[in-house]
Amino acid sequence: MADNSFDIVVIGAGPGGYVAAIKAAQLGYKTACVEETFLGGVCLNIGCIPTKALLESAAMIQHLAHAKEFGLNVGEIRTDMAQAVKRSRQVSDRLTKGVAGLFKKNKVTHIPGRGRLAGKGQVEVTAKDGGKQTVSAKHVIIATGSKPRDLPFLKIDHDRVWDSTDAMMAQEAPRTLAVVGAGAIGCEFADVYAAFGTKVTIIEMADRVLPLEDRDCSAVVEKSYKKRGMNILTSVSLQKAEIGKNGVTLTITDAKGGSQTLEAERVLSAIGRVPLVDDLGLETAGVKLTDRGFIGVDRQMRTNVEGIYAIGDVAGPPLLAHKGSHEGIACIEGIHGDPHAGIDYNNIPNCTYCHPEVASVGLTEEQAREKGLDIQVGKFPWIANGRALTAGETDGFIKVIRDTKYSEIVGAHIVGPHATELIAEFVVGRHLESTVEEMDRAMHPHPTLSEAVAEAALAALGHALHI
């Protein structure tokens, strides 16, 4: 094959794209990955990773506020947003360089530029200087990801109205910040800026923060945020935004028709993301989109056009990095001939890294009851866990929902310390079709937070030991 001919070409080097490229190369395919901006995509560069670095800074600020209780006299706490951002960029840069190293190790060819479909098995790549080249491949995987959504009357201008990237790069914390949208992105940035001294107001159309999570978990986060001084407005609609020289005036209405105005120095639009499907040559290639604008795929990530695949955010919700990575692996395994390749969309964990953290897998209690399932619910509070008490982190609980017929784990929900780490135990348990009895019988070390997993499983059977 010529240098511009490959077995597999991946368009996009985010968590889905770069993982797919590495997996393909490991299976012996000559592989190229086309990336317009930076290796690692949004996640490593302007998403998951730098956000978590900022959240670690926010957590440290909160810990220091209670340092005296732990025998430390630290004096006045002075925050430095610019330094926190600088550190987050250093973490991202290190991981981005790591992807480049993995490409080199696995002999994946990185082609800088913007890729688009240009005929059967053809990908046209436009470099930053405008130069073009065409590469060919039997299999083309689209992994272009997503971008922030904005409202018609609240256009992101990267000055007064921010998207998540703007919020991540700010060198100073604004005096006031209105966060429109109380999903994972909105709640995480609200956490960060409140810790750095900003007066935060959260505006959410649903009746609670984190509306996709279990209702009880949402209540714990909302209570904690209010205790920290955040203003939370739920069941409201944003009607108008007037951008002025010194800030933004927002007009909000509630469910009863009442109206109020809110002034904010900056506004963060955190109302979700939309797939990046523009100028990919999809229409010319005949690739069909779903009603919501995502690329339609089957279980093995195949589009309706032979030889063209899509993975990650561009292929539909949930828009999560780990889901994209697993889709990338499933896609390559399918190409390699595994008829069983695919992922279990019912066992994808959700994580929000605010404080307290929230994580879940499976159905919420409300969803389970709406489905008419015969369930039993168990809760174990962190205040009854020794390790949580030693850490001074006792807000929240672990909640387990079990099916009473087979004792299957219908859903698991955690709010509190290290929730995003602990949820993996339930993901593995569900993957192995474990019962709640088996979750309890697996010995958990003492004293650890993981003991609460076993206790919550016991609670779902009606006989927790320590509450």
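Kindly indicate which of Ala194, Ala173, Ala219, Ala190 is out of contact with any helix residue (DSSP H, G or I) (no Cβ under 6 Å at 6 or more places or on another chain) and open to solvent by 30 Å² or more (accessible area, probe 1.4 Å). One residue alone meets the criteria, Ala219. Has segment 332-339 got at least one residue that is open to solvent by 40 Å² or more (accessible area, probe 1.4 Å) and either modelled with pLDDT under 95 or among the hydroxyl-bearing types (Ser, Thr, Tyr) (or both)? Yes - at least one qualifying residue is present in segment 332-339. Does Asp313 fit the bill of being in a loop (DSSP other than H, G, I, E, B), at pLDDT 95 or above and among the acidic types (Asp, Glu)? Here the answer is no, as Asp313 does not meet what is asked. Of all residues in segment 251-261, none satisfies being out of contact with any Cys (no Cβ under 9 Å at 6 or more places or on another chain) and touching a residue at least 60 places away in the same chain (Cβ under 8 Å). Of all residues being at negative phi and surrounded by fewer than 18 Cβ atoms within 10 Å (Cβ to Cβ) in segment 380-402, which is nearest to the chain's Cα centre (by Cα)? Just the residue, please. Among those that are at negative phi and surrounded by fewer than 18 Cβ atoms within 10 Å (Cβ to Cβ), it is Thr394. For segment 50-71, a residue qualifies if it is free of Cβ contacts under 8 Å to residues at least 40 places away in the same chain and within 22 Å of Thr390 (Cβ to Cβ), and the qualifying residues are Glu56, Met60, His63, Leu64, Ala65, Ala67, Lys68, Gly71.
Under 7 Å between Cβ atoms, at least 6 apart or on separate chains: pull out the pairs that start in segment 446-463 with a residue that is free of Cβ contacts under 8 Å to residues at least 40 places away in the same chain and end on any residue that is assigned to a helix (DSSP H, G or I) and not basic (Lys, Arg). Once the first residue is free of Cβ contacts under 8 Å to residues at least 40 places away in the same chain and sits in segment 446-463, its partners that are assigned to a helix (DSSP H, G or I) and not basic (Lys, Arg) give Ser450/Leu422; Ser450/Glu425; Ala454/Met439; Ala454/Asp440. Between Ala190, Ala241, Ala182, the distinction of being part of a loop (DSSP other than H, G, I, E, B) and of a type in the set (Gly, Ala, Ser) belongs to Ala182 only.
A quick yes/no check of all residues on (1) at pLDDT below 95; (2) more than 26 Å from Ser136 (Cβ to Cβ); (3) of a type in the set (Asp, Glu):
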{"site": "Val10", "(1), (2), (3)": "no, no, no"}
{"site": "Lys23", "(1), (2), (3)": "no, no, no"}
{"site": "Ser57", "(1), (2), (3)": "no, yes, no"}
{"site": "Ala65", "(1), (2), (3)": "yes, yes, no"}
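Restricted to segment 443-461, and to residues that are farther than 23 Å from Asp374 by Cα and in contact with an Asp or Glu (Cβ under 9 Å, 6 or more places away or on another chain), which residue is most open to solvent (accessible area, probe 1.4 Å)? For segment 443-461, the residue satisfying everything is Pro445. So is Asp313 surrounded by fewer than 16 Cβ atoms within 10 Å (Cβ to Cβ), acidic (Asp, Glu) and either under 27 Å from Leu27 (Cβ atoms) or in contact with a Lys or Arg (Cβ under 7 Å, 6 or more places away or on another chain) (or both) or not? Criteria not met by Asp313. Of all residues in segment 212-237, none that is closer than 13 Å to Asp395 by Cβ and modelled with pLDDT under 95 has its Cβ atom under 7 Å from the Cβ atom of a residue that is assigned to a loop (DSSP other than H, G, I, E, B) and open to solvent by 30 Å² or more (accessible area, probe 1.4 Å), 6 or more apart or on another chain. When segment 149-170 is limited to residues that are assigned to a strand (DSSP E or B) and modelled with pLDDT of 95 or more, the one that is surrounded by the fewest Cβ atoms within 10 Å (Cβ to Cβ) turns out to be Val161.
Across segment 254-280, what is the number of residues that are more than 29 Å from the chain's Cα centre (by Cα) and hydroxyl-bearing (Ser, Thr, Tyr)? Going through segment 254-280 one residue at a time, the tally reaches 2.
The values are calculated or read from the model by the stated rules, or taken from the named source; none is laboratory data. Predicted model, so just to flag it, every value in this text is computed and none were measured. Reconstructed Cβ throughout: ideal geometry from the backbone, glycine too, with neighbour counts over all protein chains shown. Only protein heavy atoms, including side chains, enter the accessible area calculation; ligands, DNA and RNA are left aside. Shrake-Rupley method; radii C 1.70, N 1.55, O 1.52, S 1.80 Å.
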